[in-house]
Amino acid sequence: MKILLLIVPALLFIMVPTVAESGTIEVTADIPSVPVYLDMVYAGVTPLTLSDIDAGNHLIQVSPEGFFSQTQNISVKSGEKSTISFSFVYSDRLQIPAMVRIGECVGTPEPSDLDGTSFDLLTLDDGTMMAYYSGWEEGILCMESSDGIHWDKKTDACLSVPLKGTVFRTEPWVFSLPDGSYRMVYRQTSGNQHSLYSASSPDGVMFSGEEPITVQSEQKSGSPDYPSVPAGIMYADGTIRIYYHNPGIGIQSAISEDMGVSWEHEDGTRLKYGTDPTVLLLPDEKTGIFYVDTTPKSKGQRIFFTVSDDGLDFSQYEPVQVLETTEPGVWLMDPEIIEEDGTVYLYFSVMGIEGMQNHVLPGTLRSIISLDCMVSQALVK
């Protein structure tokens, strides 16, 4: 309990207690004495009551000997008791088919009704969470949300196509600029021509002024340029680095010093066996990247996270496996990171899960993650 020391005119010292915003968590399991970890810190064994827990989102992990670890998200409210139960022997709880959470840094995935492919997430200056995603011949479509779970589709496309059926626009990456406007980088396909384009918006909703982006790559002889799934980060000096995938090469990068208007290719390959990157700048100026694995043995079935000291060389540290599917034909796509009120969420798509075989679009899930946990694991050489 915090104590405030007040000086009153009578020169008396009054001790005034403040009300801490905390709650209680009760953890149970269907087998006894299961070790419990609260936000990656050992807390005791089940059955366990945890008191004076800060209000907000937390990760609870249980790791009994002889069983796989399980991790769940839990939201603690001030003055209330939250209960959480784990089942290892018998369970009628709804499980996400074909999904195995590999890292203890990842919480229980929960469904989101974000209904689109190749999506990008951004919180606008007014606090609205936006999702930009591929509508193919309709262009780049938008949805907005206040909680990240329930999404409302905008009536009009955020970026339409000039001629339906002949031009496709997909895989947007949107970022805010210092003057309060927004820029979108996306892939445009016309016939067999694939290229990156840029558009701008004053409000982050309606984009226009499409211009092609020229980035000279290092494609192998006879292999056409096919840049896709762009994502990037902006540095404190206004420099922007974009990461994108090219078939036969992997994830490459380019740099812009004019707020994304023009780009200069950076030599080398950032990640040979990776695609669909989402990138974030870490507090110590390191760069973190989430990506879908494209190695032949598990192509599209794993999402990794790794770190670079300079944003270019990602070979210094071993990648951390974040998620993996365990059945052929079940694919992971579209990893996206967004932070809301101090909580970091990982969104991702799953295609081919049980009950969705007849769906054209993949299912979208999100998990609370401990970014500090992932970074600490990645920095172990």
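The values are calculated or read from the model by the stated rules, or taken from the named source; none is laboratory data. All values reported here derive from a predicted model rather than from experimental measurement. Backbone-built Cβ (ideal geometry, glycine too); neighbour counts: all protein chains shown. To get the accessible areas, we keep the full protein, side chains included, count just its heavy atoms, and leave off ligands, DNA and RNA. Shrake-Rupley method; radii C 1.70, N 1.55, O 1.52, S 1.80 Å.
Can you give the accessible area per residue of the range 114-202, in Å², using a 1.4 Å probe? Working shown, then result.
Working: 3740 Å² over 89 residues.
Solvent-accessible surface per residue comes out at 42 Å².
Could you work out the relative contact order of the range 147-252? I mean the mean sequence separation of Cα pairs under 8 Å and 6+ apart, divided by the number of residues, in percent.
Details: 176 pairs, mean separation 19.9, N = 106.
The normalised contact order for the range 147-252 reaches 19 percent.
Counting only protein heavy atoms and a 1.4 Å probe, tell me what percentage of the range 226-296's accessible area is made up of carbon and sulfur.
Details: 1410 of 2670 Å².
Answer for the range 226-296: carbon and sulfur cover 53 percent of the accessible area.
Which residues does the label zone of Glu137 cover in the range 151-170, counting backbone N under 13 Å from a point 7 Å along Cα→Cβ?
161-169
Once you list every other residue whose beta carbon is under 14 Å from the beta carbon of Ala199, what net charge do they have if Lys and Arg are +1 and Asp and Glu are -1? Please list the in-between numbers first.
Details: positive: Arg169, Arg183, Arg187; negative: Asp120, Glu171, Asp203, Glu210, Glu211.
Residues near Ala199 contribute -2 overall.
Taking a ≥ b ≥ c as the square roots of the eigenvalues of the Cα gyration tensor of the range 216-323, is the shape rounded (a/c under 1.5), prolate (a/b larger than b/c) or oblate?
Details: a/c = 1.99, a/b = 1.11, b/c = 1.80.
Judged from the Cα gyration tensor, the range 216-323 comes out oblate (a/c at least 1.5, b/c at or above a/b).
Scan the range 231-312 for GluC sites (Glu not before Pro) in coil per DSSP, keeping those whose Cβ has at most 11 other Cβ atoms within 10 Å, and list them by number.
Details: sites: Glu257, Glu264, Glu266, Glu285; in loops: Glu257, Glu285.
Counting only loop positions with at most 11 other Cβ atoms within 10 Å, the GluC sites (Glu not before Pro) in the range 231-312 are Glu285.
With a ≥ b ≥ c taken as the square roots of the eigenvalues of the C-alpha gyration tensor of the range 140-284, please select rounded if a/c is under 1.5 and otherwise prolate if a/b is larger than b/c or oblate if it is not? Working shown, then result.
Working: a/c = 1.63, a/b = 1.20, b/c = 1.36.
It is oblate, given that a/c is not under 1.5 and a/b is not larger than b/c.
At Ser75 and Thr123, where each label point lies 7 Å from the Cα along Cα→Cβ, what is the point-to-point distance in nanometres?
Between Ser75 and Thr123, the label points sit 1.5 nm apart.
Can you check what the net charge comes to around Pro283, using other residues whose Cβ is under 15 Å from the Cβ of Pro283 (Lys, Arg +1; Asp, Glu -1)? Spell out each step's value before the answer.
Working: positive: Lys286; negative: Asp284, Glu285, Asp309, Glu339, Asp372.
Local charge sum for Pro283: -4.
Give me the number: length gained by fully extending Lys272 to Glu285, i.e. 0.36 nm times residue separation minus the C-alpha to C-alpha distance, one decimal in nm. Please list the in-between numbers first.
Numbers: separation 13, 0.36 × 13 = 4.68 nm, distance 2.29 nm.
Extending this stretch completely gives an extra 2.4 nm.
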